[in-house]
Amino acid sequence: MTIGETSVHESDAGVVISYYNDMTAKLLDKYGPGPDIHYHLGYYEDGRAPMHPPDAAPEEIRASIVAGQRRHLAQAARVWDAAQRFTGSVLDVGCGLGGGSIFWARTFGANVTAVTFAPEHPPLIAELARRAGCAEKIRVVVSDACEIPADAVYDTVVALESTCHYPLEPWFRNLALLLKPGGSVCVEDIIPLRPQGGIVFSDYFYAPLHTIEEYVDAARVAGFELVDDVDITAQTTPFWQDSIAWTRAKLSPPRGADLDIVERRRLRISLAVHHDLHREWQSGGMRQAFLRFERRVAR
C-alpha cells in the first residue's frame, strides 16, 4: 500500500454522500453566509494567521477564514492564468456549495458546470448563484466524478481539494472525453509525504490523499501531462490556526453550553484532529500545491 492508498476508495459511495449532505448546515455556519461559500483551506501570503483575542466571537474568526479562502481562489487564478483559461466553458468537479463556481463565473465570465455528488446540494447552489448574480452562468449536475456525462466539452477542468475523493485513473480517463485538446485540468489538493498525516486526514474527511507520482502516472495513461506544480504549503498552514480558534470560540462558555452533546462532541473531535493536521503541515508531513495538467494534442 502506498502513502496515498486507503480502503475509502473501495467503500460505499453512500457514506461520503451522507457525510456531505449532513455537513451542509455546518458548512453554512462555519463558512457562510455567502453567497460564495468555500470548503477548502485559506491562503495567507505571509504564512501567518492573525492573532485572535481569547474572547473573540466565532463570527470574527469566520471573517478571517473566509478572507483566506477568497485569497486562496485569487492566488489560484493568478497561478493558473484564469484570465486566459477560465473565460470559456469550465467544469468544476467536486464543487462543494458552489463557491468556486461562483468565483469563476462572476470574476472571469466563465460558463460553469458544477459537479456535486450530494443530491441535496443543487437547489442550495442554485440559490447562492442567484444571490451572487450569476445564476445563468452556472449549471449544477449531480454525478459521480468519474462518470460525468459527455454531453459537453470544456476548455478547463478545475478541482479544489476534491480529487482526494476520486480514484485517479478513471477520473482522468473520464476527463479525456470531456476536455478539449490542449485544455487544462487545474487541481489544488493535499499531497501526503509520510503515512501518518495522510491517515489522519483520510479518516476524518473520508478523503484518501494521492502522492504526486500517482497523479502523474494516472494522468499520463489518459493522455495528460503535469506542466505546473506550485507549492503553497507555507501559505496554507495558518488555516488550521484560524480553524482551531473558531472551534474553540464555539465551545467556549457561554456559547458551548448551548450546544447539544452530539455537537459538542463533534467539535471536540474536530479540534483534536485539526491540531494534528496543523502539526503535520508545520513539520513537513503534508504538502499542498496548485497543479496543472494539459491534455496532449494528437500529432
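Taken over segment 126-141, the criterion of being within 16 Å of Gly100 (Cβ to Cβ) and in a helix (DSSP H, G or I) is satisfied by Ala126, Leu128, Ala129, Arg131, Ala132, Ala135, Lys137.
Counting the residues of segment 213-239 that are free of Cβ contacts under 8 Å to residues at least 40 places away in the same chain and either touching a Cys at 6+ places or on another chain (Cβ under 7 Å) or aliphatic (A, V, I, L, M) (or both) gives 1. None of Gly14, Gly34, Gly68, Gly100 is at pLDDT below 95 and in a helix (DSSP H, G or I) except Gly14.
Taking the condition surrounded by fewer than 23 Cβ atoms within 10 Å (Cβ to Cβ) and among the hydroxyl-bearing types (Ser, Thr, Tyr), does Ser143 pass? Considered against the rule, which asks whether it is surrounded by fewer than 23 Cβ atoms within 10 Å (Cβ to Cβ) and among the hydroxyl-bearing types (Ser, Thr, Tyr), Ser143 comes out as yes.
Which is at pLDDT below 95, of a type outside the set (A, V, I, L, M) and closer than 19 Å to Phe293 by Cβ, of His165, His121?
After ruling out the rest, the residue left standing is His165.
Residues in segment 62-95 that are within 12 Å of Ala110 (Cβ to Cβ), of a type in the set (A, V, I, L, M) and free of Cβ contacts under 8 Å to residues at least 12 places away in the same chain: none. Checking each residue in segment 271-299 for being part of a helix (DSSP H, G or I), touching a residue at least 40 places away in the same chain (Cβ under 8 Å) and either out of contact with any strand residue (DSSP E or B) (no Cβ under 7 Å at 6 or more places or on another chain) or surrounded by fewer than 19 Cβ atoms within 10 Å (Cβ to Cβ) (or both) picks out Val273, Asp276, Leu277, His278, Trp281, Gln282. When segment 146-165 is filtered for residues that are surrounded by 14 or more Cβ atoms within 10 Å (Cβ to Cβ), in a loop (DSSP other than H, G, I, E, B) and free of Cβ contacts under 8 Å to residues at least 60 places away in the same chain, the ones remaining, listed by number, are Cys146, Ile148. If the condition is being among the hydroxyl-bearing types (Ser, Thr, Tyr), part of a loop (DSSP other than H, G, I, E, B) and modelled with pLDDT of 95 or more, then segment 205-226 contributes only Thr211.
Please pick out the residue among Arg130, Arg106, Arg78 that is more than 21 Å from Lys30 (Cβ to Cβ), at pLDDT 95 or above, in contact with a Gly (Cβ under 9 Å, 6 or more places away or on another chain) and among the basic types (Lys, Arg). Checking each option against the conditions leaves just Arg106. Considering the conditions (1) more than 27 Å from Gln84 (Cβ to Cβ); (2) without any contact (Cβ under 8 Å) to a residue 60 or more places away in the chain, Ile125 is excluded by exactly one of them, (1). Of all the listed residues (Leu175, Leu179), the sole one being at pLDDT 95 or above, under 27 Å from Leu124 (Cβ atoms) and surrounded by 22 or more Cβ atoms within 10 Å (Cβ to Cβ) is Leu175. Scanning segment 61-86 for residues that are surrounded by fewer than 16 Cβ atoms within 10 Å (Cβ to Cβ) and out of contact with any Asp or Glu (no Cβ under 8 Å at 6 or more places or on another chain) yields a count of 7. Here Phe205 qualifies as free of Cβ contacts under 8 Å to residues at least 60 places away in the same chain and of a type outside the set (D, E, K, R).
Examine segment 192-199 for a residue that is assigned to a strand (DSSP E or B) and among the hydrophobic types (A, V, I, L, M, F, W, C), and state whether such a residue exists. No.
Give me a count of the residues in segment 240-261 that are assigned to a helix (DSSP H, G or I) and either touching a residue at least 12 places away in the same chain (Cβ under 8 Å) or within 16 Å of Asp29 (Cα to Cα) (or both).
15
The values are calculated or read from the model by the stated rules, or taken from the named source; none is laboratory data. Because the structure is a prediction, the values reported are computed rather than measured. Reconstructed Cβ throughout: ideal geometry from the backbone, glycine too, with neighbour counts over all protein chains shown.
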